[in-house]
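The values are calculated or read from the model by the stated rules, or taken from the named source; none is laboratory data. Source: prediction; values computed, not measured. Neighbour counts run over all protein chains shown; Cβ positions are idealised from the backbone, glycine included. SASA here: full protein model, heavy atoms, side chains in, ligands and nucleic acids out. Shrake-Rupley method; radii C 1.70, N 1.55, O 1.52, S 1.80 Å.
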Amino acid sequence: MQDLTEGVARFQRDVHPAKAELFAHLAATHRPTTLFISCSDARVVPELLTQSEPGELFVIRTAGNLVPAHAPGSDGVAASIEYAVAVLGVRDIVVCGHSACGAMTALAENHDLSGVPAIADWLRHADASRARTTAETGTENVAALVRENVLAQLANLATHPSVARALAENTVTLHGWVYDIPTGAVEDVTAAGRPGALAA
């Protein structure tokens with residue numbers, strides 16, 4: 001906790017004053033252009049990865065960057081998606097998976113999740129990802145599952161009414177990325193239907 005409080009002190013002393021004009025603008029304006037859905041993994045920091053300023057990304061983080069398909073009832077992920085698309089009017093949505101994902105590793109290696117029932121239940125949102133990976137490769141290696149999971153979550157995303165409407169009106173574009181932690185490389189798994197590295 002000491003590290004966090006010291007970080008807040010440095011932010012208040014050094015960072016905030018240097019960006020005072022930006023923060024004054026943000027106090028009355030909230031217009032992010034991109035909804036960024038990533039894993040909760042502490043090694044994945046969307047703002048650092050994209051070098052975005054405060055106010056540019058609307059971020060949702062979930063274990064395994066999972067996006068449940070639209071269903072009736074209250075759902076914090078669905079509410080955040082709807083707010084970003086229908087209220088804030090984001091123009092792009094990125095679902096970003098990453099190397100060495102704990103959630104995808106647990107699935108690919110068939111870890112015993114009986115002691116963590118909430119996690120086991122949540123990871124069922126990756127059932128389609130597992131099916132796609134097995135059908136394509138005959139195995140469930142982690143890297144393949146990470147990529148297929150991004151594509152499956154984009155499909156789930158499109159079931160949300162606000163996203164489906166924006167897609168029909170061509171006001172939003174979906175992107176699937178995979179971030180490689182040790183190299184910093186980012187692969188676009190949706191580029192013209194073919195995986196490819198983002199421009200350096």
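Quick notes
- Expressed as a whole percent, the accessible area of the chain that falls on carbon and sulfur atoms is 56 (1.4 Å probe).
- Dipole size of the stretch 1-150 about its Cα centre, with +1 on Lys/Arg Cβ and -1 on Asp/Glu Cβ: approximately 220 debye, rounded to the nearest 20.
- In the chain, the calculated helix contribution to ellipticity at 222 nm averages -10500 deg cm²/dmol per residue, counting -39,500 (n - 2.57) for every DSSP H run with n ≥ 4.
- Accessible area in square angstrom per residue, the chain, 1.4 angstrom probe: 55 Å²
- Paramagnetic reach from Thr171 (point 7 Å along Cα→Cβ, amide N under 11 Å) across the stretch 81-99: 85-91
- Modelled this way, with points 7 Å down the Cα-to-C-beta line, the labels at Ala71 and Ala42 are 3.1 nm from one another.
- The stretch 79-170: Cα Rg divided by the 2.2 N^0.38 Å rule of thumb: 1.23
- Sorted on the mean count of surrounding Cβ atoms within 10 Å across their residues, most packed first, peptides 79-89, 95-105, 180-190, 54-64 read 95-105, 54-64, 79-89, 180-190.
- Close amide H contacts of Thr173 (hydrogens built in the peptide plane, cut-off under 5 Å, sequence separation of 5 or more or a different chain): Asp92, Ile93.
- Relative contact order of the stretch 1-137, pairs being alpha-carbon contacts under 8 Å that are 6 or more residues apart, as %: 25 percent
- The stretch between Ile181 and Arg124 holds 18.0 nm of extra length on full extension. This uses 0.36 nm per residue minus the Cα-Cα distance.
- Loop-located GluC sites (Glu not before Pro) in the stretch 102-180 (DSSP state not H, G, I, E or B) with no more than 11 neighbouring Cβ atoms inside 10 Å: Glu109, Glu169.
- Rounded accessible area of His25 (nearest 10 Å², 1.4 Å probe): 110 Å²
- Cβ-based net charge around Leu57, under 15 Å, with every Lys or Arg adding one and every Asp or Glu removing one: -1
- Listed candidates (i) 21; (ii) 16; (iii) 24 - label of the one calculated as percent of Cα pairs over 32 Å apart: (i)
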